[in-house]
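A.B. asks: Shown below is the structure under consideration.
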Amino acid sequence: MFAVYADAFSSDDPLSGLVVGERPDPTPPEGWTTITVKAASLNHHDLWSLRGVGLKKESLPMILGCDAAGLDEDGNEVVVHAVISDPDWSGDETLDPRRSLLSERHQGTFADKVVVPRANVVPKPASMSFEEAACLPTAWLTAYRMLFTQGGLKAGDTVLVQGAGGGVATALITLARAGGLKVLATSRDESKRARALEIGAHEVFESGARLPVKVDAAMETVGRATWSHSVRSLRPGGKIVISGTTSGPNLDDAELTRIFFLQLQVIGSTMGTRSELASLVNLLDATGTRPLIDRVLPMEQARDGFAAMAEGDVFGKIVLTR
Ligand SMILES: NC(=O)c1ccc[n+]([C@@H]2O[C@H](COP(=O)([O-])OP(=O)(O)OC[C@H]3O[C@@H](n4cnc5c(N)ncnc54)[C@H](OP(=O)(O)O)[C@@H]3O)[C@@H](O)[C@H]2O)c1
């Protein structure tokens, strides 16, 4: 079958190990099902895989891609849940120490077909295109869990989203608005601040600027560069939910005094559960909110999508179609 896969690693030139070619058809193990892929979307994770991060050499060649939407064996339209937990694990699969993401241990979604455990599919509503649905399983699911599960935010609360131009951050802004929150966002870049307003932020600020109000929660994916500002922006008892550290994980000042004195909470967040993916799909179906798509490319042109992501020349998701 047609597939886009990693054949080698390179930290300096990740695209050198990318192959757009053919791989054998997959055979689903007991309890797994075959999904015919209609659309898949790119994540930074795919570039990291080509750099050899999170992927072992003995797993090569590995078909890339975490996110997909397509048809199940009965022709139903489905969204694929990318978190694969151990068959013996029960409960929140993000807490399974042996969990993996598609394309880490099991072949990924940039192909004609992908096999996943039967439980790892969620019905796709007819209102949503395959391209839109394919954006949801990684960045959008991460954003959903940060806001509504780990952050415990509800309609009427105020949230700060740091680094508005990022993939997770744009999802956070759009989903927070759809969920009835007041959304404040920061970015270093004026044009990204303008785009943040277009996709749902109520107010935007330069990174580090003093905010007019204290917020109930701050959503962090930037890390070192914005941490102090996030802590200082919270009301007493407020929460920081963190799912990434793009600018680095080490802090000059962790603001520990503020954290205990104002009784703040710092909460980690990673991916999401199948049930949260179903809730995310329902939220978009009910509100008409849709993921922002930067461009749609036929999967044969995957290399162009990877190159755009490597250059950072993207606002929204890059979708690959079959
Ligand atoms: N835990 C999970 O499940 C999960 C899932 C997906 C991603 N992640 C992680 O989340 C992080 C963000 O991923 P992403 O794909 O959203 O990244 P991204 O698209 O590269 O965006 C990161 C954003 O960080 C901001 N930023 C970067 N350096 C900065 C600096 N020095 N000062 C201020 N702002 C800075 C930028 O915002 P502005 O240019 O707008 O200022 C940038 O748009 C990554 O670390 C990723 O690994 C985690």
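The values are calculated or read from the model by the stated rules, or taken from the named source; none is laboratory data. Given the structure is predicted, the values throughout are model-derived calculations rather than measurements. All Cβ positions, even for glycine, are placed from backbone atoms using ideal geometry, and neighbour counts span all protein chains on display. To get the accessible areas, we keep the full protein, side chains included, count just its heavy atoms, and leave off ligands, DNA and RNA. Shrake-Rupley method; radii C 1.70, N 1.55, O 1.52, S 1.80 Å.
A.B. asks: Give me Rg over Rh for the stretch 234-299, both radii from the alpha carbons and Rh done the Kirkwood way, two decimal places. Kindly include the intermediate steps, with their values, before the conclusion.
C.D. replies: Working: Rg = 17.7 Å, Rh = 15.7 Å.
When Rh is taken as the Kirkwood radius, the ratio is 1.13.
A.B. asks: Between Met1 and Thr257, how many nm apart are label points set 7 Å from Cα along the C-beta direction?
C.D. replies: In this crude label model, Met1 to Thr257 measures out at 5.9 nm.
A.B. asks: Over the Cα atoms of the stretch 173-315, what is the Rg over Rh ratio if Rh follows Kirkwood?
C.D. replies: So for the stretch 173-315, dividing Rg by the Kirkwood Rh gives 0.99.
A.B. asks: To continue, here is another question. Given the convex hull over the Cα atoms of the stretch 82-176, what projected area results after averaging over all orientations, in nm²? Don't skip to the end; give the middle numbers.
C.D. replies: On the way: hull surface 31.7 nm².
Mean projected area of the Cα convex hull: 7.9 nm².
A.B. asks: State the Kirkwood hydrodynamic radius of the stretch 149-234 in Å, one decimal place, computed from all pairs of distinct Cα atoms. Walk me through the numbers before you get to the answer.
C.D. replies: Numbers: mean 1/r = 0.0810 Å⁻¹.
This gives a value of 12.3 Å.
A.B. asks: Compute the convex hull volume of the Cα atoms of the stretch 267-318, divide it by the residue count, and report the result per residue in Å³ as a whole number.
C.D. replies: Normalising the Cα hull of the stretch 267-318 by residue number yields 142 Å³.
A.B. asks: Follow-up question, since we're still on this one. Calculated FRET efficiency, Arg118 and Asp285, Cβ-Cβ r, R0 25 Å, to nearest 0.05?
C.D. replies: 0.65
A.B. asks: Using only DSSP helix segments of four residues or longer, with each worth -39500 (n - 2.57), what per-residue ellipticity at 222 nm results for the chain after dividing by its residue count and rounding to 500?
C.D. replies: -6000 deg cm²/dmol
A.B. asks: Only bridges with both residues in the chain count here: give the DSSP antiparallel percent, nearest 5.
C.D. replies: So the antiparallel bridges in the chain amount to around 55 percent.
A.B. asks: In a GNM of the chain with a 10 Å cut-off on Cα contacts, which of Ser41, Ser279, Ser191 has the highest mean-square fluctuation?
C.D. replies: Ser191
A.B. asks: Oh, and also: With a 10 Å cut-off between alpha carbons and a GNM built on the chain, which of Pro14, Pro28, Pro117 moves the most?
C.D. replies: Among Pro14, Pro28, Pro117, the largest GNM mean-square fluctuation belongs to Pro28.
A.B. asks: Any idea of the accessible area per residue across the chain, 1.4 Å probe, to the nearest Å²?
C.D. replies: Per residue, the chain has an accessible area of 43 Å².
A.B. asks: Quick one, what does Rg over Rh come out to for the stretch 1-147 if you take C-alpha atoms and the Kirkwood Rh?
C.D. replies: Rounded to two decimals, Rg over Rh is 0.95.
A.B. asks: Provide, in order from the shortest bin, the percent of all Cα-Cα pairs of the stretch 187-254 in each 5 Å bin, continuing until the bin that contains the maximum pair distance.
C.D. replies: P(r) for the stretch 187-254, in whole percents per bin: 4, 16, 23, 28, 21, 6, 2.
A.B. asks: Which residue fluctuates most in the GNM of the chain (Cα springs below 10 Å): Thr27, Thr273, Thr226?
C.D. replies: Comparing Thr27, Thr273, Thr226 in a Gaussian network model of the chain, the most mobile one is Thr27.
A.B. asks: Here is a follow-up. Mind counting lysine pairs for me in the chain? Cα separation below 13 Å, and the two need to be 8 or more apart along the chain or on different chains.
C.D. replies: Close lysine pairs found across the chain: 5.
A.B. asks: Here's a follow-up. What size of dipole, in debye to the nearest 20, comes out for the stretch 137-257 about its Cα centre when the only charges are +1 on Lys and Arg C-beta atoms and -1 on Asp and Glu C-beta atoms?
C.D. replies: That gives the stretch 137-257 a dipole magnitude of about 240 debye.
A.B. asks: Right, here's the next one. Normalise the Cα radius of gyration of the stretch 39-123 by 2.2 N^0.38 Å (N = residues in it) and let me know the number. Can you show the working numbers first?
C.D. replies: On the way: Rg = 12.9 Å, N = 85, 2.2 N^0.38 = 11.9 Å.
That ratio works out to 1.08.
A.B. asks: Quick one: Kirkwood hydrodynamic radius for the chain, alpha-carbon pairs, angstrom, one decimal?
C.D. replies: About 20.0 Å, per the Kirkwood formula over Cα pairs.
A.B. asks: Okay, moving on. Once both axes come from the Cα atoms, what is the angle between helix 274-287 and the longest principal axis of the chain, in degrees from 0 to 90, rounded to 10?
C.D. replies: So the helix axis and the longest Cα principal axis differ by about 70 degrees.
A.B. asks: Hey, another quick one. Show the residues, 5+ positions off or on another chain, whose built amide H is closer than 5 Å to the amide H of Phe205.
C.D. replies: Result for Phe205 returns Ala185, Thr186, Ser187.
A.B. asks: Now for a different question. Report, to the nearest whole %, how much of the accessible area of the stretch 221-273 belongs to carbon and sulfur atoms, 1.4 Å probe, protein only.
C.D. replies: Result for the stretch 221-273: 54 percent of the exposed heavy-atom area is carbon or sulfur.
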